[in-house]
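Worksheet for the structure shown next.
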Amino acid sequence: MAEPQFIGVDIGGTNIRAARFRPNSHFPEHKIKTLTLASGGLDIVLERMEAAVRDAAGIHFDDIAAIGIAAPGPIDPRSGTILNAPNLSGWTDLPLQRLMEERLGRRVYLGNDANVAALGEWKFGAGRGHNDVLYLTISTGIGAGLIAGGRMLVGASGLAAEVGHMLAVPDGPMCGCGLRGHLEAVASGTAIGRETRARLEAGQGVGSLLRGMSGGDLTRVTAELVGAAAQAGDEFATQQITEAGTHIGRTVASLLHVLNPSIVVFGGGVSLLGEVILEPIRAATRANTMSVAYWRNCPMVLAALGDDAGLVGAGALAMESVRTVAQFVAGA
Ligand SMILES: [Zn+2]
């Protein structure tokens, strides 16, 4: 009998990515990347997901044991339902797991994209070998995954680990969720770009490199550009990144008090700025924990799987779910 195979799918507002994995491997055997075309409606997206899975499986489709899907937004992983996906309009209370199982005739498991990326980093990346991991992804938004005592913490309804929506600044800027002052609203890539533009427009950062780098068009000032200016030594840009890092570090300190992890892993596009943002994160974490014992033996490091974390995590979700079900059946 052929070795069972697994498919990981990472669905975002722009792209659907899929890959085939062998058991206990994080190496994507056959990667597929295709446009989501979310504006075409639900059926188009489901059709494209099905095609991506079948393409990634290729001649191995009969050997596929399970499919893991990483999807944005709050999700109920137990019922396999997307409650609300901000970048996929009309995806509210969508039973994606059931719809894909009907199309593919295989077991499908669904997870929140940040949780799934954390699973990938825990099983195969920077968090490997640790039982207690705090994973944060800092990109257009801020997401997280919490592994406590060797288990992913998903909560009673699968809604746990929304670290991006922890309060950072009371009555602060409006968050994408409709409430004010959440961490995501003051420290995500989107927030860094928005806040820096506003300050430049208000006349701050007179001699900043950003004025030249943007060609005088301040709408071109994104977190990526601010990061590049900071890496080039620009003081104003460095200040913007430091502020975001400080907000993140304060939240990490609170989470160390709650979780006491043995490693903190940072993924997402903004984390790729490296030390420019990691240093203020570490400094604020240390300054706000009540004892050095919380961070003395807790490295704060960059994710290891890069862009593939969601895809690899989705493969791991399929493998882990099959294993858990098998254990449950064997124990019953
Ligand atoms: Zn929020």
For the chain, the percent of all C-alpha pairs falling in each 20 Å bin, from 0 up to the bin holding the max distance, is 31, 55, 13, 0
Sparse-neighbourhood loop sites, trypsin sites (Lys or Arg not before Pro) in the stretch 250-332 - DSSP loop, at most 14 other Cβ within 10 angstrom
296
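From the helices alone, meaning DSSP H stretches of at least four residues, give me the mean residue ellipticity at 222 nm for the chain, per-run term -39500 (n - 2.57), in deg cm²/dmol to the nearest 500. Could you put the intermediate results ahead of the total?
On the way: 10 runs with 130 residues, N = 332.
Only helices count here, giving -12500 deg cm²/dmol.
Averaged per residue, what accessible area in Å² does the stretch 52-197 show with a 1.4 Å probe, protein chains only?
Working: 5940 Å² over 146 residues.
Accessible area per residue: 41 Å².
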Counting only protein heavy atoms, what percent of the accessible surface of the chain is carbon or sulfur at a 1.4 Å probe?
53
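Residue 179 to residue 62: FRET efficiency via 1/(1 + (r/R0)^6), r the Cβ-Cβ distance, R0 35 Å, to the nearest 0.05? Present the calculation step by step, with values, prior to reporting the outcome.
Values: r = 48 Å, r/R0 = 1.37.
With R0 = 35 Å, the Cβ-Cβ based efficiency is 0.15.
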Taking a spot 7 Å from the Cα of residue 42 along the direction of its beta carbon, which residues of the stretch 105-133 have an amide N less than 20 Å from it?
105-106, 108-113
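Accessible area per residue for the stretch 219-289 in Å², computed with a 1.4 Å probe and the full protein assembly in place, what is it?
Details: 2810 Å² over 71 residues.
The answer is 40 Å² per residue.
The values are calculated or read from the model by the stated rules, or taken from the named source; none is laboratory data. No experiment lies behind these values; they were computed from the predicted model shown. Positions of Cβ are generated from backbone atoms using ideal geometry, with glycine treated the same way; all protein chains shown enter the neighbour counts. Accessible surface areas use protein heavy atoms only, side chains included; no ligands, DNA or RNA. Shrake-Rupley method; radii C 1.70, N 1.55, O 1.52, S 1.80 Å.
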